[in-house]
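Chemist: Before I ask anything, let me first share the structure, which is written out below as structure tokens.
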Amino acid sequence: MFLKRSTYYLLFFAAYIGALVIEKPVYSVNTVQACFSYMFTVIVHFSIFTLMIVVNNSFLIPNLLDKKRFSVYVASLIGLILLYTFFIGHYNAFIHLILFHDEMIETSSGFWANFVYGLCCSVITAMLYITQKWAQQEEQVKNSRINQLQTELKYLRSQINPHFLFNGLNTVYGYIDIGNSQARDMMVQFSDLLRYNLYEADVDIIGLEKEIKYLRNYVALQKARSNDNVQVILKINYQNGATKIAPLIFMAFVENAFKYVSRGDSVINSIIMELNEEAGLIDFTCKNSYEETEPSPGGIGLNNAVRRLELLYKDRYQLDISKDHNIYDIHLVLRP
């Protein structure tokens, strides 16, 4: 990218050097003041030339040519070149007669020569700009195709690995003693969690009842692996299981609760979750105790959850997060 930009600017400076050759200044530099006067003239010429190119490439092309307003762009470009020609034709008088009080620099080019020169340089630099932009777009398209192919490959691999995983789980399930009902139930719950993540949650919206089933299985597994001194309570009350909801929308908050819940013997350790649905309005709360010595609950998971809510529900959600007396409280309301 840097080399491409460097090439563009080198071509730009080459065009300006060509301008100096075309102008053919007839000036005898035999004093320090005359030398300084000539250098100042070159700087002013270059500044006007640069301003014309910048206005064309940064304003006219993006706002007019790219939006296919061709007639307005042509008229604006001609007006810009006329301004350039006017200033180029009058800068000598101002610099030499007023600032330096020396001789005028006579040039071989007149009004139309400056106009044609300005037009040619504008067209050339515009073509360079458009060519560079086209090359960048082609590179983006190429990268997009590569990413798409990589995604397809990952998807195909994901279709192979889950089948092997589920077959393996079924095999393990078959080897668990029939009398060990708790282990067999946990295996079924774990299998349901995987199936939901891989096959059912890959949609924009899903039925609330399926999400509740997933939540119950997740909480049951986490409760089984938690210490006995952690009280886990899940309360669910809903009227319409077909209410649509974004999949896994509560999971970041639930996972956060199990990750940061306090586990000390001298305190009350608890995770209390409650989900209520009425007339499409979903009210979810999740409270967990935490220790001050542990890192504050939160992080990337919660940030991603907030980002998902903003993208999927925009003005249809309300999220309140508070910490008080070692209780981390999350209250989420989703409106239909």
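Chemist: Expressed in nm to one decimal, what extension gain is obtained for the pair Y238 and F46 from 0.36 nm per residue of sequence separation less their Cα-Cα distance?
Modeler: Values: separation 192, 0.36 × 192 = 69.12 nm, distance 7.34 nm.
Going from the current span to full extension adds 61.8 nm.
Chemist: K323: net charge of surrounding residues, Cβ under 11 Å, Lys/Arg +1, Asp/Glu -1, itself excluded? Spell out each step's value before the answer.
Modeler: Working: positive: K287; negative: E292, D324, D329.
Result for the local shell: -2.
Chemist: May I pose another question? Toward the positive end of the charge dipole of region 180-321, about the Cα centre and with charges on Cβ (Lys, Arg +1; Asp, Glu -1), which of N240, L193, S266 goes farthest?
Modeler: L193
Chemist: What length, rounded to one decimal in nm, is gained on full extension from V74 through to L281, with 0.36 nm per residue of separation minus their alpha-carbon distance?
Modeler: On the way: separation 207, 0.36 × 207 = 74.52 nm, distance 5.63 nm.
Here the segment from V74 to L281 would lengthen by 68.9 nm.
Chemist: Convert each backbone phi in region 199-205 into a coupling constant with the Karplus relation 6.51 cos²θ - 1.76 cosθ + 1.60 (shift: θ = phi - 60°), then list the ³J(HN,Hα) values in order as whole Hz, x for Gly and Pro.
Modeler: Once θ is set to phi - 60°, the couplings for region 199-205 become 10, 9, 7, 8, 9, 6, 9 Hz.
Chemist: Going by Cα centres, region 200-266 and region 314-336 are how many Å apart?
Modeler: Computed from Cα coordinates, the inter-centre distance equals 16 Å.
Chemist: Exceeding 22 Å between C-alpha atoms, which entries from my cross-link table qualify? They are K244/K314; K235/K259; K210/K244; K213/K244; K210/K323; K213/K235. All intermediate terms of the calculation are to be shown ahead of the outcome.
Modeler: Details: K244/K314 16 Å; K235/K259 20 Å; K210/K244 10 Å; K213/K244 14 Å; K210/K323 31 Å; K213/K235 13 Å.
K210/K323, as the Cα separations exceed 22 Å there.
Chemist: Tell me the net charge near E274. Cut-off is 9 Å between Cβ atoms, E274 excluded, with +1 for each Lys or Arg and -1 for each Asp or Glu.
Modeler: On the way: positive: K235, K287; negative: D283.
So the environment of E274 carries a net charge of +1.
Chemist: How would you rank 142-149, 54-61, 81-88, highest first, on the average number of other Cβ atoms within 10 Å across their residues?
Modeler: Ranked by mean Cβ neighbours within 10 Å, highest first: 81-88, 54-61, 142-149.
Chemist: Can you figure out the FRET efficiency of E292 with N197, using R₀ = 35 Å and their beta-carbon distance, to the nearest 0.05? Write out the running numbers ahead of the final one.
Modeler: Values: r = 34 Å, r/R0 = 0.96.
E(calc), rounded to 0.05, equals 0.55.
Chemist: I would also like to ask the following. Is the shape of region 241-336 rounded, prolate or oblate, going by the alpha carbon gyration tensor and its root eigenvalues a ≥ b ≥ c, with a/c under 1.5 for rounded and a/b larger than b/c for prolate?
Modeler: Numbers: a/c = 2.51, a/b = 1.83, b/c = 1.38.
It is prolate, given that a/c is not under 1.5 and a/b is the larger ratio.
Each reported figure results from applying straightforward, stated rules to the coordinates on display, with no laboratory input. Because the structure is predicted, anything quoted here is derived from the model rather than measured. Neighbour counts are summed over all protein chains in view; Cβ atoms, including those assigned to glycine, are modelled from backbone coordinates with ideal geometry.
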